[in-house]
Amino acid sequence: MARRSVIAGVGGYLPKRIVTNDELSRTIATTDEWIQERTGIKQRHIAGPTETCAFMGARAAAAALAHAGAGTEEVDAVILATATPDQAFPASALRVQAELGITRGFGFDVSAACSGFIYALAMADAVVRTGQATGVLVIGSEVYSRIMNWADRGTCVLFGDGAGAAFVRPGTDRDGARGILSTHLHAQGTLGDLLYVDGAVGRPDRSGQLVMNGREVFRHAVAKLAAVVDEALAANGLGHADIDWLVPHQANRRIIDAMGRKLDLPSEQVVVTVDRHANTSAASVPLALAEACGDGRIKRGDLVVMEALGGGMTWGSALVRF
């Protein structure tokens, strides 16, 4: 019988520099009121020269291991979700592996934009369930500040930098009903032009900056996220009333609030960090999860649903009993 995987620990890292809306308003045509009204964002963290994807990912991973009471010798896989890797190759996951002194197992990056952590968690769950790995670091780490068009107020105010991580291992008899109940992944490539980065190593003729059709992304987000959460609940014979916590992708406060209403959840059961972190893409879900576990909101036995949607278009959900 396939074994269930458990999230044993979580951790996060945020760059030291904080940029407020007022600071942004000094260089672009915007105001704190305009940004907060449309997004709920008050500030974001911006990476310094040494705070790269791998640098931040390693520190979030170390925090997750410490939270789990685990050592690096227990890690035999590193799966890192990012759209902003340090290099085309090697994978930033391997840079994290080296930084932490891990010398066994395997590692790779996942590119699914803002859905990346959910995708990576699904991969970790699969390799643990099948016995291919017994200790997996799942990381979301992003430096979107380096792919922003800082003259475009419609996009540059939305994003921030940071990293979040989870340590996933096989469940034991002591864990009981704890664990990752199921993950659900989707993609629709025909919607890829709604949110993308116009450039990469393979396209030197492009600028390499983020481009987004915000109105269309918003329209797809609420419907697709609500559907994928209901898919996860139905797969486990559960309903909205069984959810203890929603940990959503932190893209926009209006999307988060709409998701809470669709799931009949009071705001007190929805974890929100977008006001302080902005949209950290693949890092947003694990950062929010680490905060809610760290401050004691999420407790052992709680049923937590995570969801995210990103460029590609990709979206997914994970249902976890903590």
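Each value in this text was obtained by applying a stated rule to the coordinates, not by laboratory testing. None of these values were measured; they are calculated from a predicted model. Reconstructed Cβ throughout: ideal geometry from the backbone, glycine too, with neighbour counts over all protein chains shown.
List of remarks:
- A full extension of the chain between Phe108 and Thr27 corresponds to an added length of 25.4 nm, given 0.36 nm per residue minus the alpha carbon distance.
- Anisotropy class of region 208-294 from Cα gyration tensor, a/c 1.5 cut: oblate
- Scattering profile of region 1-109 at q = 0.14, 0.18, 0.22 Å⁻¹ [log10 I(q)/I(0), Debye over alpha-carbon scatterers]: -0.71, -0.93, -1.14
- Sorted by Cβ neighbour density within 10 Å, fewest at the top, the residues Cys114, Cys53, Cys293, Cys156: Cys156, Cys293, Cys53, Cys114
- Least to most buried among Asp242, Asp295 (fewest other Cβ within 10 Å first): Asp295, Asp242
- Averaging Cα coordinates gives a centre for region 27-87 and one for region 109-141; these two points are 16 Å apart.
- A Förster distance of 25 Å, applied to the separation of the beta-carbon atoms of Glu73 and Arg3, puts the FRET efficiency at 0.75.
- Among Met56, Met148, Met259, Met306, the ranking by other beta carbons within 10 Å of each residue's beta carbon, starting with the fewest, stands as Met148, Met259, Met306, Met56.
- Gain upon complete extension [Phe89, Gln269; 0.36 nm per residue less C-alpha separation]: 60.8 nm
- Computed magnitude of the charge dipole of the chain (debye, nearest 20; Cβ of K, R +1, Cβ of D, E -1): 120 debye
- Span-like helix ranges in the chain, DSSP H, alpha carbon extent 18 angstrom or more, Kyte mean at least 1.6: none
- Choice from Trp245, Trp150, Trp34 showing the highest fluctuation, given a GNM over the chain with Cα pairs closer than 10 Å: Trp34
- Legend: calculated FRET efficiency, Lys16 to Asp173, from the Cβ-Cβ distance at R0 = 45 Å, rounded to 0.05, equals 0.60.
- Within the chain, percent of DSSP bridges classed antiparallel, to nearest 5: 70 percent
- Full extension of the chain segment joining Glu231 with Glu99 gains 43.7 nm, where the gain is 0.36 nm per residue of separation less the Cα-Cα distance.
- Neighbours of Ile298, meaning other residues whose beta-carbon lies under 14 angstrom from its beta-carbon, give a summed charge of 0 when Lys and Arg score +1 and Asp and Glu score -1.
- Cross-link partners for Lys262 among the lysines, with Cα-Cα distance under 23 Å and sequence neighbours closer than 8 places in the same chain left out: Lys224.
- D_trans [Stokes-Einstein, Kirkwood Rh over alpha-carbon pairs] for the chain, 20 °C, 1.002 mPa s, µm² s⁻¹: 111 µm²/s
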